[in-house]
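Visitor: Questions regarding the structure given below will be posed in turn.
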Amino acid sequence: MIDFDGVLADLDSAFCRSVNDKFDENFTVDDITDWQFWRKQGKDIADYVWGELFPDADWLREHVEPCEDAITALSDLASDPQTQEVVIVTARARDHDFRVTEWLYAHAPALLRTFNITIQAVGKEPKIETCKRYDLTHIVDDGPHNLSPFNPLRSTLYLVNRPHNAAYPNRPYLNRVDSLQDAVNHAYGGVTV
């Protein structure tokens, strides 16, 4: 399972650029040190980020770039003979799966046409339910709250380091990585995290 926002798509950088342009601010990704950052910036900014930008499929496709090496890592993973299926799971609303699909077609069209990649927007359903349905063994997410329920499943869990999760304590069941490529290297290449 690969999370979309923050693992494949560099949403935070795009938010910063858009907010800085509209509100004449100077936010950087390093400023986003907790999950409620944009809400703490005031109603106007929070409404803009979560009400205008986040649900807008055109904005997502046109302004959100892939995280560094994410497309290469996704390609490496999907093309590896050991990989049976790649499932991109996002906590976005269920009607956002087409937004994620459009974004992937814009940034990596050959991947969706060539490999077995499923996109699942789960809304408020815990991601663990989707992972149980697909019997997924490797989970990559930037949200530690999304990963902690997986510990009993004995899945291999990768927490992608981001400023918003830096204060989350290390757990023995979490492998901290700097990118999706690091997680893929660890899972399939034997690289130590």
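Visitor: Would you check if THR33 is surrounded by fewer than 18 Cβ atoms within 10 Å (Cβ to Cβ) and part of a loop (DSSP other than H, G, I, E, B)? Explain how you work it out, then say what you get.
Guide: On the way: surrounded by fewer than 18 Cβ atoms within 10 Å (Cβ to Cβ): yes; part of a loop (DSSP other than H, G, I, E, B): yes.
The answer is yes for THR33.
Visitor: List the residue pairs whose Cβ atoms are under 6 Å apart, where the first residue sits in region 161-176 and is farther than 22 Å from ARG39 by Cβ and at pLDDT below 90, the second is open to solvent by 50 Å² or more (accessible area, probe 1.4 Å) and not basic (Lys, Arg), and the two are 6 or more positions apart or on different chains.
Guide: Partner pairs satisfying both residue conditions: TYR173/ASN151.
Visitor: May I pose another question? How about region 132-181: which of its residues are of a type in the set (Lys, Arg) and assigned to a loop (DSSP other than H, G, I, E, B)?
Guide: Of everything in region 132-181, those that are of a type in the set (Lys, Arg) and assigned to a loop (DSSP other than H, G, I, E, B) turn out to be ARG154, ARG162, ARG171.
Visitor: Can you list residue pairs whose Cβ atoms sit under 7 Å apart, with the first residue in region 91-115 being more than 20 Å from THR130 (Cα to Cα) and the second being open to solvent by 50 Å² or more (accessible area, probe 1.4 Å) and part of a helix (DSSP H, G or I)? Count only pairs 6 or more apart in sequence or on different chains.
Guide: GLU102/ARG61; TRP103/ARG61; ALA106/ARG61
Visitor: Scan region 22-40 and report the pairs whose first residue is touching a residue at least 12 places away in the same chain (Cβ under 8 Å) and whose second residue is surrounded by 12 or more Cβ atoms within 10 Å (Cβ to Cβ) and among the small types (Gly, Ala, Ser), with Cβ atoms within less than 9 Å and a gap of 6+ or a chain change.
Guide: THR28/SER13; VAL29/SER13; TRP35/GLY143; TRP38/ALA46
Visitor: Can you name the residue in region 66-103 that is out of contact with any Ser or Thr (no Cβ under 7 Å at 6 or more places or on another chain) and assigned to a loop (DSSP other than H, G, I, E, B) and, of all such residues, is nearest to GLN181 (Cα to Cα)?
Guide: So the residue we want is ASP80.
Visitor: Check region 99-113 and report whether any residue there is of a type in the set (A, V, I, L, M, F, W, C) and open to solvent by 60 Å² or more (accessible area, probe 1.4 Å). Before the answer, list the steps.
Guide: Of all residues in region 99-113, those of a type in the set (A, V, I, L, M, F, W, C) come to 100, 103-104, 106, 108, 110-112.
Now restrict to residues that are open to solvent by 60 Å² or more (accessible area, probe 1.4 Å): none.
No, every residue in region 99-113 fails to be of a type in the set (A, V, I, L, M, F, W, C) and open to solvent by 60 Å² or more (accessible area, probe 1.4 Å).
The values are calculated or read from the model by the stated rules, or taken from the named source; none is laboratory data. This one's a predicted model, so the numbers in the text were calculated from it and none came from an experiment. Cβ sites come from the backbone with ideal geometry, for glycine too, and all protein chains shown count toward neighbours. Accessible surface areas use protein heavy atoms only, side chains included; no ligands, DNA or RNA. Shrake-Rupley method; radii C 1.70, N 1.55, O 1.52, S 1.80 Å.
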